[in-house]
Amino acid sequence: MFRIGDFVAHPMHGAGVIDAIVQEKVAGSIQEYYVFKMPVGGLLLKIPVTNSGTIGLRAIITPEEAEALIAALPSLKVESSANWNKRYQENLQRLKSGDLREVARVVKGLMTRDTRRGLSTGERKMLQTAKRILISEIVLTERADYETVEARVDCALTQEAAV
(Lines give C-alpha, C1' and ligand atoms only; values in the text may rest on other atoms or scores of the structure.)
Protein backbone atom coordinates (compact mmCIF):
# COMPACT_ATOMS: atom_id res chain seq x y z
CA MET A 1 0.00 0.00 0.00
CA PHE A 2 1.24 3.43 -0.93
CA ARG A 3 1.21 6.47 1.34
CA ILE A 4 0.53 10.14 0.69
CA GLY A 5 3.61 11.68 -0.92
CA ASP A 6 4.85 8.44 -2.54
CA PHE A 7 6.05 8.72 -6.12
CA VAL A 8 4.37 6.06 -8.25
CA ALA A 9 4.10 5.15 -11.94
CA HIS A 10 0.85 4.42 -13.75
CA PRO A 11 1.40 2.28 -16.88
CA MET A 12 -0.70 4.44 -19.20
CA HIS A 13 -0.25 7.90 -17.69
CA GLY A 14 3.31 8.06 -16.39
CA ALA A 15 4.71 9.05 -13.03
CA GLY A 16 3.04 11.07 -10.35
CA VAL A 17 2.52 11.39 -6.65
CA ILE A 18 -0.10 10.03 -4.27
CA ASP A 19 -1.70 13.35 -3.34
CA ALA A 20 -4.31 11.89 -0.96
CA ILE A 21 -6.10 8.71 0.02
CA VAL A 22 -9.85 9.22 0.15
CA GLN A 23 -12.90 7.13 0.93
CA GLU A 24 -15.93 7.38 -1.30
CA LYS A 25 -19.24 5.61 -1.41
CA VAL A 26 -19.69 3.83 -4.74
CA ALA A 27 -22.59 1.48 -5.50
CA GLY A 28 -23.54 1.38 -1.83
CA SER A 29 -20.12 0.46 -0.46
CA ILE A 30 -17.26 2.60 0.80
CA GLN A 31 -14.00 2.20 -1.11
CA GLU A 32 -10.56 3.75 -0.67
CA TYR A 33 -8.95 5.57 -3.58
CA TYR A 34 -5.50 6.90 -4.23
CA VAL A 35 -5.64 10.43 -5.58
CA PHE A 36 -2.88 10.28 -8.18
CA LYS A 37 -1.54 13.62 -9.39
CA MET A 38 0.86 14.08 -12.25
CA PRO A 39 3.19 17.06 -11.89
CA VAL A 40 3.63 17.08 -15.68
CA GLY A 41 0.28 18.09 -17.15
CA GLY A 42 -1.57 18.20 -13.83
CA LEU A 43 -3.68 15.09 -14.49
CA LEU A 44 -5.65 13.94 -11.44
CA LEU A 45 -6.91 10.34 -11.18
CA LYS A 46 -8.67 8.38 -8.49
CA ILE A 47 -7.40 4.82 -8.44
CA PRO A 48 -9.12 2.18 -6.30
CA VAL A 49 -6.64 0.97 -3.68
CA THR A 50 -7.85 -2.63 -4.10
CA ASN A 51 -7.25 -2.55 -7.88
CA SER A 52 -3.99 -0.61 -7.90
CA GLY A 53 -1.85 -3.74 -8.35
CA THR A 54 -4.03 -5.04 -11.17
CA ILE A 55 -3.87 -1.66 -12.89
CA GLY A 56 -0.08 -1.78 -12.62
CA LEU A 57 0.55 1.07 -10.20
CA ARG A 58 4.11 0.71 -8.90
CA ALA A 59 6.85 2.65 -7.17
CA ILE A 60 9.05 4.66 -9.53
CA ILE A 61 12.52 3.46 -10.44
CA THR A 62 15.61 4.55 -8.51
CA PRO A 63 18.01 7.22 -9.80
CA GLU A 64 20.56 4.47 -10.50
CA GLU A 65 18.01 2.54 -12.58
CA ALA A 66 17.12 5.74 -14.46
CA GLU A 67 20.77 6.40 -15.30
CA ALA A 68 21.25 2.78 -16.41
CA LEU A 69 18.17 3.03 -18.63
CA ILE A 70 19.35 6.26 -20.28
CA ALA A 71 22.79 4.72 -20.82
CA ALA A 72 21.17 1.64 -22.41
CA LEU A 73 18.97 3.60 -24.83
CA PRO A 74 21.48 3.75 -27.73
CA SER A 75 21.89 -0.05 -27.76
CA LEU A 76 18.23 -0.87 -27.08
CA LYS A 77 16.99 -3.39 -29.65
CA VAL A 78 13.69 -2.69 -31.36
CA GLU A 79 11.79 -4.87 -33.75
CA SER A 80 8.87 -3.59 -35.69
CA SER A 81 6.24 -5.38 -37.71
CA ALA A 82 5.56 -4.07 -41.21
CA ASN A 83 1.83 -4.48 -40.55
CA TRP A 84 0.53 -1.24 -39.00
CA ASN A 85 -2.20 -2.88 -36.91
CA LYS A 86 0.10 -5.60 -35.55
CA ARG A 87 2.83 -3.04 -34.77
CA TYR A 88 0.32 -0.78 -32.99
CA GLN A 89 -1.01 -3.68 -30.87
CA GLU A 90 2.52 -4.82 -29.95
CA ASN A 91 3.46 -1.28 -28.91
CA LEU A 92 0.25 -0.90 -26.92
CA GLN A 93 1.05 -4.11 -25.00
CA ARG A 94 4.54 -2.79 -24.28
CA LEU A 95 3.06 0.42 -22.86
CA LYS A 96 0.50 -1.45 -20.75
CA SER A 97 3.25 -3.66 -19.30
CA GLY A 98 4.39 -0.77 -17.10
CA ASP A 99 8.02 -1.78 -17.75
CA LEU A 100 9.96 1.42 -18.47
CA ARG A 101 12.45 -0.43 -20.67
CA GLU A 102 9.54 -1.62 -22.85
CA VAL A 103 8.20 1.93 -23.00
CA ALA A 104 11.66 3.07 -24.12
CA ARG A 105 11.57 0.42 -26.87
CA VAL A 106 8.26 1.86 -28.09
CA VAL A 107 9.72 5.37 -28.13
CA LYS A 108 12.88 4.30 -29.95
CA GLY A 109 11.02 2.15 -32.46
CA LEU A 110 8.52 4.87 -33.32
CA MET A 111 11.19 7.58 -33.51
CA THR A 112 13.24 5.38 -35.86
CA ARG A 113 10.20 4.67 -38.01
CA ASP A 114 9.30 8.37 -38.07
CA THR A 115 12.71 9.32 -39.49
CA ARG A 116 12.54 6.57 -42.14
CA ARG A 117 8.91 6.57 -43.26
CA GLY A 118 6.87 8.91 -41.12
CA LEU A 119 4.12 7.93 -38.68
CA SER A 120 0.38 7.68 -38.93
CA THR A 121 -1.67 9.94 -36.67
CA GLY A 122 -2.31 7.05 -34.25
CA GLU A 123 1.38 6.16 -34.01
CA ARG A 124 2.36 9.82 -33.60
CA LYS A 125 -0.04 10.07 -30.66
CA MET A 126 1.37 6.83 -29.22
CA LEU A 127 4.90 8.20 -29.54
CA GLN A 128 3.91 11.34 -27.62
CA THR A 129 2.25 9.25 -24.90
CA ALA A 130 5.20 6.86 -24.62
CA LYS A 131 7.69 9.74 -24.39
CA ARG A 132 5.61 11.43 -21.69
CA ILE A 133 5.46 8.17 -19.69
CA LEU A 134 9.22 7.61 -20.01
CA ILE A 135 10.29 11.17 -19.30
CA SER A 136 7.82 11.80 -16.46
CA GLU A 137 9.26 8.94 -14.44
CA ILE A 138 12.85 10.02 -14.95
CA VAL A 139 11.89 13.62 -14.06
CA LEU A 140 10.45 12.51 -10.70
CA THR A 141 13.24 10.04 -10.02
CA GLU A 142 16.02 12.53 -10.66
CA ARG A 143 14.08 15.60 -9.50
CA ALA A 144 15.00 17.33 -12.75
CA ASP A 145 13.02 19.53 -15.09
CA TYR A 146 11.13 18.05 -18.03
CA GLU A 147 13.06 19.83 -20.79
CA THR A 148 16.45 18.72 -19.46
CA VAL A 149 15.39 15.07 -19.20
CA GLU A 150 13.69 15.21 -22.61
CA ALA A 151 16.90 16.53 -24.20
CA ARG A 152 18.97 13.78 -22.55
CA VAL A 153 16.54 11.06 -23.64
CA ASP A 154 16.30 12.41 -27.20
CA CYS A 155 20.10 12.57 -27.43
CA ALA A 156 20.48 8.99 -26.14
CA LEU A 157 17.77 7.68 -28.47
CA THR A 158 19.41 9.17 -31.56
CA GLN A 159 22.93 7.94 -30.72
CA GLU A 160 24.26 4.89 -32.43
CA ALA A 161 25.12 1.93 -30.22
CA ALA A 162 28.80 1.69 -29.32
CA VAL A 163 30.41 -1.26 -31.07
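Please find, among Thr121, Thr62, Thr129, the residue that is more than 14 Å from the chain's Cα centre (by Cα) and more than 17 Å from Asp6 (Cβ to Cβ).
On the way: Thr62 fails: more than 17 Å from Asp6 (Cβ to Cβ); Thr129 fails: more than 14 Å from the chain's Cα centre (by Cα).
The conditions single out Thr121.
Out of Thr62, Thr50, I need the residue that is of a type in the set (S, T, N, Q) and at pLDDT 95 or above. Which one?
Working: Thr50 fails: at pLDDT 95 or above.
Just one listed residue meets the conditions, Thr62.
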query: Within region 132-140, can one find any residue that is among the β-branched types (Val, Ile, Thr), assigned to a helix (DSSP H, G or I) and touching a strand residue (DSSP E or B) at 6+ places or on another chain (Cβ under 6 Å)?
result: yes
message: So in region 73-118, with the set limited to residues that are open to solvent by less than 60 Å² (accessible area, probe 1.4 Å), not in a helix (DSSP H, G or I) and not hydrophobic (A, V, I, L, M, F, W, C), which one is modelled with the lowest pLDDT?
response: Ser81
Pair list, Cβ < 9 Å and 6+ apart or interchain, from region 92-104 residues that are under 12 Å from Ile55 (Cα atoms) to residues that are outside any helix (DSSP H, G or I) and open to solvent by 40 Å² or more (accessible area, probe 1.4 Å): Lys96/Met12; Gly98/Met12; Gly98/Arg58
query: Which numbered condition trips up Lys77, out of (1) basic (Lys, Arg); (2) touching a Leu at 6+ places or on another chain (Cβ under 9 Å); (3) closer than 23 Å to Thr158 by Cα?
result: (2)
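Select from region 21-34 the residues that are touching a Lys or Arg at 6+ places or on another chain (Cβ under 9 Å) and either surrounded by 13 or more Cβ atoms within 10 Å (Cβ to Cβ) or assigned to a loop (DSSP other than H, G, I, E, B) (or both) and list them in ascending order.
Ile21, Gln31, Tyr33, Tyr34 - these are the residues of region 21-34 that are touching a Lys or Arg at 6+ places or on another chain (Cβ under 9 Å) and either surrounded by 13 or more Cβ atoms within 10 Å (Cβ to Cβ) or assigned to a loop (DSSP other than H, G, I, E, B) (or both).
Residue-by-condition table, conditions (1) over 14 Å from the mean Cα position of the chain (by Cα); (2) without any contact (Cβ under 8 Å) to a residue 24 or more places away in the chain; (3) part of a loop (DSSP other than H, G, I, E, B); (4) more than 20 Å from Thr141 (Cα to Cα):
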site	(1), (2), (3), (4)
Ile4	yes, yes, yes, no
Met12	no, no, yes, no
Asp19	yes, no, no, no
Phe36	yes, no, no, no
query: Looking at region 40-72, which of its residues are β-branched (Val, Ile, Thr) and surrounded by 14 or more Cβ atoms within 10 Å (Cβ to Cβ)?
result: Val40, Ile47, Val49, Ile55, Ile60, Ile61, Ile70
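The values are calculated or read from the model by the stated rules, or taken from the named source; none is laboratory data. Keep in mind it's a predicted model, so treat the numbers as computed, not measured. All Cβ positions, glycine included, derive from the backbone under ideal geometry; neighbour counts span all protein chains shown. Accessible surface areas use protein heavy atoms only, side chains included; no ligands, DNA or RNA. Shrake-Rupley method; radii C 1.70, N 1.55, O 1.52, S 1.80 Å.
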